[in-house]
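These notes are about the structure you will find just below.
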Amino acid sequence: MFKQTKLKNGLKLITIPMTGTKTATILVMVKTGSKYENRKNNGISHFLEHMFFKGTKKRPTSLAIAGELDSVGAEFNAFTSKEYTGYWVKVDSSKIKLAAEIVSDMLLNSKFDAKEIEREKGVIMEEINMRRDNPLINIEDVFEQCLYGDTPAGWYVSGQKESVLKFNRQDFLNYFNSQYGAKSAIVCLAGNIKNNSEKIVSRYFSKLKKNDFQDKTRVAEKQMKPEIKISYKKTNQATISLGVRALPFGHKQEFVLKIMSTILGGSMSSRLFTELREKKGLAYYIRTEAEFYTDSGYLTTPAGVPVGKVEEAIKIILSEYKKLTKVLVGEKELEKTKDLIRGRSVIRLEASDDMASWYTEHLILGGKVLSPEEFFKKIDLVKAGDIKKLADEIFQNSKLNLAVIGPFKDKKKFEKILKF
């Protein structure tokens, strides 16, 4: 059973004891990301994440940090998204104290050395190039640009090269002092942990100060007609993402949308996988996903399809969307989908790092912890009529968005068919 507490400095702590595992994970998640940036510092959340691994006073180089973690066989990494940034270490549970000390050292004592910053700019440039050159990754960014335009919600998490190359040490210090602190961070310990977890975290994170946190600008959902964004790229395959504006995290219909996206394209037996891949042979890669932010959300289907058959693929996806507004999902299909979600969740949550991520993400986005048991209860409550009702609300021409990466320059051919 998880426990949620608050340390003297205001830092939130979640502890999740797990039986049947010999590992433990520490995850520190901070409520900041690219949606908390401005035009000048776009990309700094992601760049700062890199800099925490570049040396502290105690461990002066990246090799010193990585080498000490490698010496105990730890798995470790970090990630930056639009609304949060996370740092985690997974170890043999007997080494969790060392893991906590190293993570705290990185977050509290990083040097942000000017020479390291300049060197790391080259690494960031190559990461940006990697994302831009991979359509299956980049299509998510292009789709969100289509949705949110020239706003923080529509900007790249990695930033633009022009802004990233201008960052200096003071920029990192300013952003760190504003966004990193007891007010915006959550620490989670999960796995084979003991009763001294709170003492460990208090010992290593008590110096995390209360910060003057700079909140993000909320997304304004404004759309009157279907929108299209084309990213020209000479490719043999077109990558598309066709979706609709939907719901924010914590919305009362959130679990309806989760089930809907799974029915459409969440498995190898889902409707769109069957229609687009198995029956038509139009795609190797095809899925449907629901994305939930604190102030917005969407459902979309990304797919890689033949350049000459993009229109056919779009029509099939639209047809499956529309079908949900006309015909109730059968009881057998609905129960199978619920069991699929439950089964995948149970498998995922066998690992201490995934368990830590589950609880911490819910707390940082929704303001409260949702246990897996509570999650399953909400899934079980969804009825076929709920899916049809939500489908009627979101599958409308005024909410349609299409992103395309491929050898196209003219929107007109897509505008003609982008409608229900």
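Counting Lys and Arg as +1 and Asp and Glu as -1, what is the net charge of the other residues whose Cβ lies under 11 Å from the Cβ of ASN196?
Computed value for this residue: +3.
Test of understanding: express the Cα radius of gyration of the stretch 1-70 as a ratio to 2.2 N^0.38 Å, with N the residue count.
Output field value: 1.50.
Using the C-alpha atoms of the stretch 197-344, what convex hull volume per residue, in cubic angstrom, is computed?
Each residue corresponds to 217 Å³ of Cα convex hull volume.
On the first, second and third principal axes, largest extent first, how far apart are the outermost C-alpha atoms of the stretch 161-201 in Å?
48, 20, 14
If only Cα atoms are counted, what is the Rg of the stretch 144-225, and what is its Dmax, in Å?
18.5, 56
Taking the inverse of the average 1/r across all pairs of different Cα atoms in the stretch 211-268, what Kirkwood radius in Å do you get?
After inverting the mean inverse Cα-Cα distance, the result is 15.7 Å.
Taking the Cα-to-Cβ direction at LYS210 and at GLN223 and moving 7 Å from each Cα, how far apart do the two end points lie in nm?
Label at LYS210, label at GLN223, 4.1 nm between them.
How large is Rg/Rh for the chain, to two decimals, with Cα atoms and a Kirkwood Rh?
When Rh is taken as the Kirkwood radius, the ratio is 0.98.
Specify whether the C-alpha gyration tensor of the stretch 110-185 places it in the rounded, prolate or oblate class, a ≥ b ≥ c being the square roots of the eigenvalues: rounded for a/c under 1.5, otherwise prolate if a/b is larger than b/c and oblate if not.
It comes out oblate by the Cα gyration axes.
When the convex hull of the C-alpha atoms of the stretch 94-247 is computed, what volume per residue in Å³ does it have?
194
Please compute the net charge surrounding THR5, taking Lys and Arg as +1 and Asp and Glu as -1 over other residues with Cβ under 13 Å from its Cβ.
Result for the neighbourhood of THR5: +4.
Relative to the Cα centre, what is the charge dipole magnitude of the stretch 325-420, using +1 at the beta carbon of each Lys and Arg, -1 at the beta carbon of each Asp and Glu, and rounding to the nearest 20 debye?
780
How large, in percent, is the carbon and sulfur part of the accessible surface of the stretch 306-420 at a probe radius of 1.4 Å?
Looking at the stretch 306-420 in its full context, I get 52 percent from C and S.
For the stretch 8-136, what is the Kirkwood hydrodynamic radius in Å, using each pair of distinct C-alpha atoms?
16.2
Kindly provide the helix-only [θ] at 222 nm of the chain, computed as the sum of -39,500 (n - 2.57) over DSSP H runs of four or more divided by all residues, to the nearest 500 deg cm²/dmol?
About -13000 deg cm²/dmol.
Assign unit charges at the C-beta atoms only (+1 for Lys and Arg, -1 for Asp and Glu), then state the dipole size of the stretch 139-211 relative to its Cα centre in Debye, rounded to the nearest 20.
For this selection, approximately 800 debye.
Please name whichever of ALA283, TYR232, LEU189 sits farthest to the positive end of the charge dipole of the stretch 183-340, dipole taken about the Cα centre and charges placed at Cβ: Lys and Arg +1, Asp and Glu -1.
LEU189
Hey, if you put +1 on the Cβ of every Lys and Arg and -1 on every Asp and Glu Cβ in the stretch 37-167, which of THR61, LEU147, PHE47 ends up farthest toward the positive end of that dipole?
THR61
Quick one: divide the alpha-carbon radius of gyration of the stretch 311-381 by 2.2 N^0.38 Å and tell me what you get.
Output field value: 1.48.
Excluding residues fewer than 8 places away in the same chain, name every one of the aspartates and glutamates whose C-alpha is closer than 20 Å to that of LYS95.
GLU68, ASP70, GLU75, ASP105, GLU198, GLU350, ASP353, ASP354
Taking the Cα centre of the chain as origin and charging only Cβ (+1 Lys, Arg; -1 Asp, Glu), how large is the dipole, in debye to the nearest 20?
Dipole about the Cα centre, nearest 20: 580 debye.
Just for the chain, what percent of DSSP beta bridges are antiparallel, to the closest 5?
Expressed as a percentage, antiparallel bridges in the chain total about 80.
Rounded to the nearest 0.05, what FRET efficiency do ILE417 and GLU198 give with R0 = 60 Å and r taken as the Cβ-Cβ distance? Could you check?
Working from the Cβ atoms, E equals 0.55.
State log₁₀ I(q)/I(0) for the stretch 257-331 at q = 0.24 Å⁻¹ as given by the Debye formula over alpha-carbon point scatterers of equal weight, solvent excluded.
Listed by q, the Debye log ratios stand at -1.13.
Dipole of the chain (Lys/Arg Cβ +1, Asp/Glu Cβ -1, origin at the Cα centre): which of ILE124, LEU247, TYR87 lies farthest to the positive side?
It is LEU247.
In vacuo Debye scattering of the stretch 298-420, one point per C-alpha: log10 I(q)/I(0) at q = 0.11, 0.22 Å⁻¹?
Once normalised to I(0) and log-transformed, intensities are -0.59, -1.20.
The values are calculated or read from the model by the stated rules, or taken from the named source; none is laboratory data. Values in this document were obtained by computation on a predicted structure and should not be read as measured data. We place every Cβ from the backbone using ideal geometry, glycine too, and count neighbours over all the protein chains shown. Please note that ligands, DNA and RNA were not included when accessible areas were found on the heavy atoms of the full protein model with its side chains. Shrake-Rupley method; radii C 1.70, N 1.55, O 1.52, S 1.80 Å.
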